[in-house]
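Engineer: Let me begin by handing over the structure; questions about it come next.
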Amino acid sequence: MNITEIKQQYLQEALSHAVQNKYGVELADGRITTISDSESFYVESCPSEITAYVDKKYLKGNTVKEEIPIEIVSAPEDFFTGKQVYTFTTPALNADNLKVEVLEKPLIGKAKVKFKAGQNFAIKSELITQPLFRSSDGKYYQASELPEQSDNFVLERYSNEVKVERNARISDTDDYVKLPDITIQKLAKAKRTALTDEDRAYLEAYRQALRNLPETAGFPFVEFPAFPSALAYELQQKVESRERMRQGGF
């Protein structure tokens, strides 16, 4: 397998999970927020202060009402850029929830206020008519924006998958190391026999090869080390069992 083949496999998986005519919000990085069948709020906390204009009728002292529209003047880059933003309650701020510093309050026009860092804000979802596809990261994207189109995303995901299987294969052999009297079945329906000293030496070499796998040239596009011959039948059974579970079988 190479990155081109893996990317194609991942992309086909994502393109097989399509939805259309759902409500969601397209964010600056191309991902779509959690989709639904009806309009709703999508909420995010802003890690830094935000300066905005607020209609004075929504301002009481130094507190603004919840779920009212604001006009952002200053905010972190890409924070709800180009969207109508609404205030939203933030229980974690306790007494500072929806509290602001009033910067300007003219007789005519809107008040200019500064929200504290950590305040929640919301945008309303919109009907998205074009097809959306679910990535392995659990989020939805248009086809051209899927992370599966990125070599870096594919490489990271595949590396993690190979490491997970590598760890599982090491775990498959733990009992052979821990239990001195363990017996093995070399073939289907064969009589169980004890491990020899030679078998144990091959077993330890196999475990070490698995530990070293991430340092192998070409990782993650490498082959797993061959099973020790005495344990090949039982270890192959374990690998096949995991594969059936991944595919939804037993």
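Engineer: Which cross-chain or sequence-distant (5 or more) residues have an amide H under 5 Å from the amide H of T89, H modelled 1.01 Å from N in plane?
Structural biologist: Here E67 satisfy the definition.
Engineer: Sum up the charges of everything whose Cβ sits under 15 Å from the Cβ of S48, counting Lys and Arg as +1 and Asp and Glu as -1, but leave S48 out.
Structural biologist: -4
Engineer: Local charge sum around P69 (other residues, Cβ-Cβ under 14 Å, Lys/Arg +1, Asp/Glu -1)?
Structural biologist: +2
Engineer: Ordered by residue, what ³J(HN,Hα) values in Hz, to whole numbers, does the range 176-192 give under the Karplus form 6.51 cos²θ - 1.76 cosθ + 1.60, where θ = phi - 60° and Gly and Pro are x?
Structural biologist: Going residue by residue, I get 5, 8, 7, 9, x, 9, 5, 10, 10, 10, 7, 9, 4, 6, 6, 6, 6 Hz, with x marking Gly and Pro.
Engineer: Can you list residues whose amide H is under 5 Å from L103's amide H, if they're 5+ apart or on another chain and H is modeled 1.01 Å from N?
Structural biologist: It is K112, V113, K114, by chain and number.
Engineer: With Cβ to Cβ distances under 14 Å as the rule, what net charge do the other residues near N212 carry (K, R +1; D, E -1)?
Structural biologist: Taking every Cβ under 14 Å from that of N212, the sum is +2.
Engineer: Would you mind checking the pairs K65/K112; K7/K163; K139/K238; K163/K189; K60/K116; K57/K124 and listing those with alpha carbons more than 24 angstrom apart?
Structural biologist: Where the Cα-Cα span goes over 24 Å, the pairs concerned are K139/K238; K163/K189.
Engineer: Under a GNM of the chain (C-alpha, springs under 10 Å), which listed residue has the highest mean-square fluctuation: K238, K112, K99?
Structural biologist: K238
Engineer: Find the relative contact order for the chain and round it to a whole percent, using C-alpha pairs within less than 8 Å whose residues are 6+ positions apart.
Structural biologist: 20 percent
Engineer: Through the Karplus equation 6.51 cos²θ - 1.76 cosθ + 1.60, θ set to phi - 60°, convert the phi angles of the range 147-155 into ³J(HN,Hα) values in whole Hz; use x for Gly and Pro.
Structural biologist: x, 5, 7, 9, 4, 5, 4, 4, 4
Engineer: Let me ask another. Roughly what would the spin-label model give for E5 and A18, points 7 Å off Cα along C-beta, in nm?
Structural biologist: Here the answer is 2.7 nm between the modelled labels.
Engineer: Residue separation times 0.36 nm, minus the C-alpha to C-alpha distance between K163 and S48: what's the value?
Structural biologist: Between K163 and S48, full extension yields 37.7 nm more.
Engineer: Using DSSP to define loop residues, name the GluC sites (Glu not before Pro) in the range 156-250 whose beta-carbon has at most 10 other beta-carbon atoms within 10 Å.
Structural biologist: E223
Engineer: Does the range 53-122 classify as rounded, prolate or oblate by the C-alpha gyration tensor (a ≥ b ≥ c root eigenvalues; a/c under 1.5 gives rounded; else a/b over b/c gives prolate, otherwise oblate)?
Structural biologist: Taking the square roots of the gyration eigenvalues as a ≥ b ≥ c, the range 53-122 is oblate.
Engineer: So, one more: Distance in nm between label sites at A194 and S241, each 7 Å beyond Cα in the beta-carbon direction?
Structural biologist: Rounded to a tenth, the inter-label distance reads 2.5 nm.
Engineer: Here's something else I'd like to know. For the range 159-205, which trypsin sites (Lys or Arg not before Pro) pass both filters: DSSP loop (anything but H, G, I, E, B) and at most 11 other C-beta atoms within 10 Å?
Structural biologist: Here the sparse-neighbourhood loop sites are K189, K191, R192.
Engineer: State whether the range 150-246 is rounded, prolate or oblate according to the following rule on the C-alpha gyration tensor (a ≥ b ≥ c being the square roots of its eigenvalues): a/c under 1.5 gives rounded; otherwise a/b larger than b/c gives prolate, and the remaining case gives oblate.
Structural biologist: Here the range 150-246 falls in the prolate category.
Engineer: Right, another one. Here are several values of semi-axes √(5λ) of the Cα gyration tensor in Å: (1) 78, 19, 14; (2) 46, 21, 16; (3) 57, 21, 16. Which one was derived from the coordinates shown?
Structural biologist: Checking each listed value against the structure points to (3).
Engineer: Could you go through the range 78-92 in sequence order and give the Karplus-derived ³J(HN,Hα) for each residue, using 6.51 cos²θ - 1.76 cosθ + 1.60 with θ = phi - 60°, rounded to whole Hz, and x for Gly and Pro?
Structural biologist: These are the phi-based 3J(HN,Hα) values: 6, 7, 6, 4, x, 10, 6, 9, 10, 6, 8, 5, 9, x, 5 Hz.
Every read-out reported here was derived from the displayed coordinates using simple, explicitly stated rules and does not represent laboratory data. Keep in mind that this is a model prediction, so the values were computed, not measured. Cβ atoms come from the backbone with ideal geometry, glycine included; neighbour counts cover every protein chain shown.
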